[in-house]
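Single-structure report; data block below.
The values are calculated or read from the model by the stated rules, or taken from the named source; none is laboratory data. Small disclaimer: the values here were computed from a predicted structure and weren't measured. Note: ideal-geometry Cβ built from the backbone for every residue, glycine included; neighbour counts use all protein chains shown.
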Amino acid sequence: MSSLPIGVFDSGIGGLTVLRALRQAMPGERFVYLGDTARLPYGTKTAGTVARYALQAGGELVRRGIKCLVVACNTASSAALPALREAYAPLPVLGVIDPGAVAAVQASRTGRIGVLATEATVRSGAYERAILALRPDAQVTSVPATLFVALAEEGWIDGDVATLTARRYLAELATAAGAFDTLVLGCTHFPPFVPLLRELLPPGCVIVDSAATTAMAVRQLFAAEGLPAAPAPRLLATDGLERFARVGSRFLGATLDPGDIERVDLA
């Protein structure tokens, strides 16, 4: 097995949920994570801008030496995956949308699937295409939930503001989609809201977070079983190291020290 780490990047700290799942699924692997916090959020940018940012973030990780690139950002996965694969071939490049679509199709009984995502991901139609490719009779409805990104970055995942915001987004989704039995969290910033969403959703509605399924897709590339525990992941960010550590600790499920995070500039 190559001793090179697996590279993971996101627009901010949301991708730490994917990194957390990867570490749980592949405890013997090394990881390097980059959060482009200086240019957060990607979800309100045009597809061209997101693709440019993603190529810069991916390029930084590739230059450091990695054996696989995981795009732990739904917006970047929807806008830049083909460009990343072309730029860094033959390096394996995996996004989060296809694994999320697989999990949604497997979970849904009726084929009525709701998606909460960023504005850019919704606009791209990436989840609709991925789900319909697997289940042509599915009815997929997507609603932008951009404010969730800011609330997650602030750590406001419960309380009145988060509850009112979640109610508003779910009401918009219900109005557009009618009854749905599966909800896809189409942004890696959204998993911290799962406890709140479970309180607000009808009983039996399945919440799909692509982090675990993405981790399984990456694991299939590498035989990680039987390896000794790897050291803590190397963390990079483009700005706000103290904030990255403070809020990122919740996403990763481990205490982060700003002194252990390297600041990088992307160009």
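Take segment 124-166 and flag every residue that is without any contact (Cβ under 8 Å) to a residue 12 or more places away in the chain and among the basic types (K, R).
Residue satisfying the conditions is R129 alone.
Out of the residues in segment 57-76 meeting the condition of being more than 18 Å from the chain's Cα centre (by Cα) and not in a loop (DSSP other than H, G, I, E, B), tell me which one is surrounded by the most Cβ atoms within 10 Å (Cβ to Cβ).
Across segment 57-76, the extreme among qualifying residues is E60.
Residue by residue, here is whether (1) of a type in the set (D, E, K, R); (2) out of contact with any Phe, Trp or Tyr (no Cβ under 7 Å at 6 or more places or on another chain); (3) in contact (Cβ under 8 Å) with a residue 12 or more places away in the chain holds:
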| site | (1), (2), (3) |
| --- | --- |
| R168 | yes, yes, no |
| G178 | no, yes, yes |
| V206 | no, yes, yes |
| R246 | yes, yes, yes |
| P258 | no, yes, yes |
| I261 | no, no, yes |
| A267 | no, yes, yes |
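In a loop (DSSP other than H, G, I, E, B), farther than 28 Å from C68 by Cβ and in contact with a strand residue (DSSP E or B) (Cβ under 8 Å, 6 or more places away or on another chain): does that describe F222?
no
For segment 1-16, check the following and say yes or no: at least one residue is in a strand (DSSP E or B), acidic (D, E) and either surrounded by fewer than 22 Cβ atoms within 10 Å (Cβ to Cβ) or under 16 Å from the mean Cα position of the chain (by Cα) (or both).
yes
Condition first: farther than 19 Å from F251 by Cβ, out of contact with any strand residue (DSSP E or B) (no Cβ under 7 Å at 6 or more places or on another chain), among the polar types (S, T, N, Q) and modelled with pLDDT of 95 or more. Can you find one or more residues in segment 24-44 that meet it?
For segment 24-44, residues farther than 19 Å from F251 by Cβ, out of contact with any strand residue (DSSP E or B) (no Cβ under 7 Å at 6 or more places or on another chain), among the polar types (S, T, N, Q) and modelled with pLDDT of 95 or more: absent.
Of F222, F190, which residue is crowded, with 16+ Cβ neighbours inside 10 Å and over 21 Å from E29 (Cβ atoms)?
Every option except F190 fails the conditions.
Each row is one residue, and each column tells you yes or no for (1) buried (at least 17 other Cβ atoms within 10 Å of the Cβ); (2) modelled with pLDDT of 90 or more; (3) outside the structural domain of A152 (by TED's automatic domain parsing); (4) in a loop (DSSP other than H, G, I, E, B).
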{"position": "L185", "(1), (2), (3), (4)": "yes, yes, no, no"}
{"position": "G204", "(1), (2), (3), (4)": "no, yes, no, yes"}
{"position": "P231", "(1), (2), (3), (4)": "no, no, yes, yes"}
{"position": "F244", "(1), (2), (3), (4)": "yes, yes, yes, no"}
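Search segment 82-108 for residues that are within 12 Å of A54 (Cβ to Cβ) and pair each with any residue that is basic (K, R) and buried (at least 16 other Cβ atoms within 10 Å of the Cβ) when their beta-carbon atoms are under 7 Å apart and the residues are at least 6 apart or on different chains.
From residues that are within 12 Å of A54 (Cβ to Cβ), the pairs are V93/R85.
Out of (1) closer than 16 Å to R219 by Cβ; (2) in contact with a Lys or Arg (Cβ under 8 Å, 6 or more places away or on another chain); (3) among the small types (G, A, S), the odd one out for S11 is which?
Unmet for S11, out of (1) closer than 16 Å to R219 by Cβ; (2) in contact with a Lys or Arg (Cβ under 8 Å, 6 or more places away or on another chain); (3) among the small types (G, A, S): (1).
Against the conditions (1) charged (D, E, K, R); (2) outside any helix (DSSP H, G or I); (3) within 16 Å of the chain's Cα centre (by Cα), where does E153 fall short? Just the number, please.
(2)
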